[in-house]
Amino acid sequence: MRMRELLETRASTVQAMRQITDHPAGEGGDLSDEQVQAFDKHKAELAACEKRIERQALLDDAERRLAAPAIVHGNGRDGSSRPGPAISPW
């Protein structure tokens, strides 16, 4: 999955959790046993999704850095990576 899909999955999971907590069907305003089971299932899905998002973000960042042009000091003709002369601000 790509990041956009993962973020959409996370959003829908959170929305499902919110639906459960907004309409408690148990005694005293608490969740029913079925709601607790459903909420816990979504909670596990959310944790797994967060891990996938973290991994995808790491990969996306690494790929961005791989695609960035290298910064080379020197005149660029001799393959030198030595820093060039300092430029005075005065």
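Quick note: the coordinates plus some simple rules give every number you see, no bench work behind them. Fair warning: this is a prediction, and the values are worked out from it, not measured in the lab. Methodologically, a virtual Cβ is constructed for each residue, glycine included, from the backbone with ideal geometry; neighbour enumeration extends over all protein chains shown.
Please identify every one of the GluC sites (Glu not before Pro) in the stretch 41-71 that sits in a loop by DSSP and has no more than 16 other beta carbons within 10 Å of its own beta carbon.
none
With label points built 7 Å along Cα→Cβ from the Cα atoms of LYS41 and GLU54, find their separation and express it in nm.
Between LYS41 and GLU54, the label points sit 2.5 nm apart.
Dipole of the stretch 3-59 (Lys/Arg Cβ +1, Asp/Glu Cβ -1, origin at the Cα centre): which of ALA47, MET17, SER32 lies farthest to the positive side?
ALA47
Within 10 Å of each residue's Cβ, count the other Cβ atoms and sort ILE71, ILE20 from fewest upward.
Least to most surrounded, the residues fall as ILE71, ILE20.
Could you pull out every residue, at least 5 positions away or on a different chain, whose amide H is within less than 5 Å of the one on LEU31? Hs are placed 1.01 Å off N in the peptide plane, and Pro or chain starts have none.
For LEU31, whose amide H was placed from the backbone, the distant partners under 5 Å are GLY26.
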